[in-house]
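The values are calculated or read from the model by the stated rules, or taken from the named source; none is laboratory data. Not measured: the values here are computed from a predicted model. In this analysis, Cβ positions are derived from the backbone assuming ideal geometry, glycine residues included, and neighbour counts consider all displayed protein chains. Ligands, DNA and RNA are stripped out before the accessible areas are found, and what is left, the full protein with its side chains, is counted by its heavy atoms. Shrake-Rupley method; radii C 1.70, N 1.55, O 1.52, S 1.80 Å.
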Amino acid sequence: MALYRPERDKGTTATTASTDLNLGSSDHRQELINHAGDQHDVCLPGTRVHLLAGIDRWARDTASPSRIYCLADVAGTGKSTIANHLSHQWEQEGRLAAKFFFSRGNGLTANASDLCIGIAQNLVLNFDALRPELKENLKDKDAIILASFPVQ
């Protein structure tokens, strides 16, 4: 999941959240699994050009009534690679508000328990105006995680 924002706040600097999770596994790939999407590659140059351009065009269209883009297909077809590619592109352009990647096989990224915290941490880094209030709200992460999803 990547949240795209058409315009940057004035005076903010794009920053990447430090989200590395040491899972204590000898499998290098497993060590990279985190909600920042480090476990996923980006698209190879010249591949998926029309699809990437189409999604980027949709994201830039602020007049579009649909603000959620559903990228659906069977497992292993590259959905996460496409999302990671675009999130990297938008981050480089200073247009990424937040991102969160779900991954099966890892309790920390397999469900929505950390979704709100992960998004909030990204927003703290990317939006100066939200920083004080979000930092205050994030102080008690356990209470947030234990709260029902609508409350989060």
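For the range 54-83, residues that are part of a helix (DSSP H, G or I) and of a type in the set (D, E, K, R) total 4.
In the set (1) over 14 Å from the mean Cα position of the chain (by Cα); (2) within 21 Å of G54 (Cα to Cα), I68 fails one condition alone, (1). Open to solvent by less than 20 Å² (accessible area, probe 1.4 Å), in contact with a helix residue (DSSP H, G or I) (Cβ under 7 Å, 6 or more places away or on another chain) and among the small types (G, A, S): does that describe A59? No: the conditions fail for A59. For the range 84-103, a residue qualifies if it is open to solvent by less than 60 Å² (accessible area, probe 1.4 Å) and either of a type in the set (F, W, Y) or part of a helix (DSSP H, G or I) (or both), and the qualifying residues are N84, H85, L86, S87, Q89, W90, E91, F100, F101. Scanning the range 89-123 for residues that are closer than 17 Å to D41 by Cα and of a type in the set (K, R), we see that the one that is modelled with the lowest pLDDT is R104.
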